[in-house]
Amino acid sequence: MKTLIIYFSQSGFTRKVAEQIRDGIVEAGGTCDFKTLREVKTESLADYDLVGLGTPVFYYNSPFNVRDFMQGLPDLPDKQWFVFCSHGSVMGNTLIYMAEALMKKGIRVVGYHDTYADGTIPFYPYPTLTTGHPDEQEYEEARAFGREIAERSKRIAAGEQGLIPEPGEKKQEWVQQSESFTLEFLGSVMPPMHIDEERCIQCGECAEACPVDGIDPEADPPRMQDPCVYCYYCAKICPEVAIVADWEKVVPIAPPNYKRYREVLEEAAARGEFRWLMDPDSLDFEDVLYKQRERELKEKG
């Protein structure tokens, strides 16, 4: 069985989960190529018996660049794919929407896997509710999923019926708002970012990390958010905190959002689907990530 795993990862957690799934597939006797979203040549996808597509979750859905990738796929009738994601407190409808997009290309989606992961954005607090995830238990679960999906794919290819699981029902009515989170909407409500030229050292880390090539710090004036998927990863990794915005405008949305996130996680913990690895009462909404980074910059001198 010739298998390919495609992944988009920023902080590295989706990549680590993808590696574990790959290792599980290999343990089950398969071979598995391993590529980032940018490395994939779509014309080669028909050569694979099984393809996995992995992503972090943005705004309760897959990131816009991942959605564009799926929309741009050629028709792949009856090809077997599986989808997986890493996410913070709420996965939303990510895997459901991914499956729907792939099925439009004739693809048979034969498996689903999700993993809690650490991560936050500049105007949210850190640590966050899922700090500490994924841990070794979750990596082993991903490896076990790899073994399971490899065996399932073989059985489906042999003609066995009734093996394809459902992705699950859509939950939390408020999560349905992800359908309205278009690029145009986010651009109208989120504060625009810009590069502080006095701080910028033109190291290029932001441009390299941008998933849609939307940054050029060497342009005159520096190009920023052209285009943008509102992941804010550039602002998180800039070593000089040179990517700035009026974050105070959106800081107030953190407490009510986190109230809902905590309720979802407490429900998941009660079902045995989530483990607290940090104290949720320790969140400090006054010390959001961008303030921490500004403080670190001052201490660095």
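Bear in mind these aren't lab numbers, they're just calculated from the coordinates by the rules spelled out. What you see is a predicted model, and the numbers here were worked out from it, not measured in a lab. Positions of Cβ are backbone-derived with ideal geometry, glycine not excepted, and every protein chain shown enters the neighbour counts.
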Residue by residue through the stretch 8-37, note down the ones that are closer than 18 Å to Glu141 by Cα and of a type in the set (Ser, Thr, Tyr). Thr14
Would you say Asp220 is exposed (fewer than 12 other Cβ atoms within 10 Å of the Cβ), in contact (Cβ under 8 Å) with a residue 60 or more places away in the chain and part of a loop (DSSP other than H, G, I, E, B)? no
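Matching residues to (1) over 19 Å from Asp49 (Cβ atoms); (2) part of a helix (DSSP H, G or I):
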| site | (1), (2) |
| --- | --- |
| Phe84 | no, no |
| Thr115 | yes, no |
| Thr120 | yes, no |
| His133 | yes, no |
| Gly146 | no, yes |
| Glu151 | no, yes |
| Pro167 | yes, no |
Give me the pairs: first residue in the stretch 35-46 and closer than 18 Å to Ala18 by Cα, second residue assigned to a helix (DSSP H, G or I), beta-carbon distance under 8 Å, and six or more apart or on different chains, which are they? Leu37/Asn65; Leu37/Val66; Leu37/Phe69; Val40/Phe69
Can you tell me which residue is nearest to Val17 (Cα to Cα) among those in the stretch 132-185 that are of a type in the set (A, V, I, L, M) and either crowded, with 18+ Cβ neighbours inside 10 Å or in contact (Cβ under 8 Å) with a residue 60 or more places away in the chain (or both)? Ala142
Out of Val241, Val229, which single residue is in contact (Cβ under 8 Å) with a residue 24 or more places away in the chain, under 25 Å from His133 (Cβ atoms) and surrounded by 12 or more Cβ atoms within 10 Å (Cβ to Cβ)? Val229
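Considering the stretch 258-293 alone, what residues qualify as being closer than 30 Å to His194 by Cα and surrounded by 14 or more Cβ atoms within 10 Å (Cβ to Cβ)?
Tyr258, Tyr261, Leu283, Val288, Leu289, Tyr290, Lys291, Gln292, Arg293
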Checking the condition more than 22 Å from Ser178 (Cα to Cα), buried (at least 24 other Cβ atoms within 10 Å of the Cβ) and of a type outside the set (Val, Ile, Thr), which residue from Leu73, Leu50 passes? Leu50
Quick test for you: out of Val51, Val66, pick the one residue that is without any contact (Cβ under 8 Å) to a residue 60 or more places away in the chain and in a strand (DSSP E or B). Val51
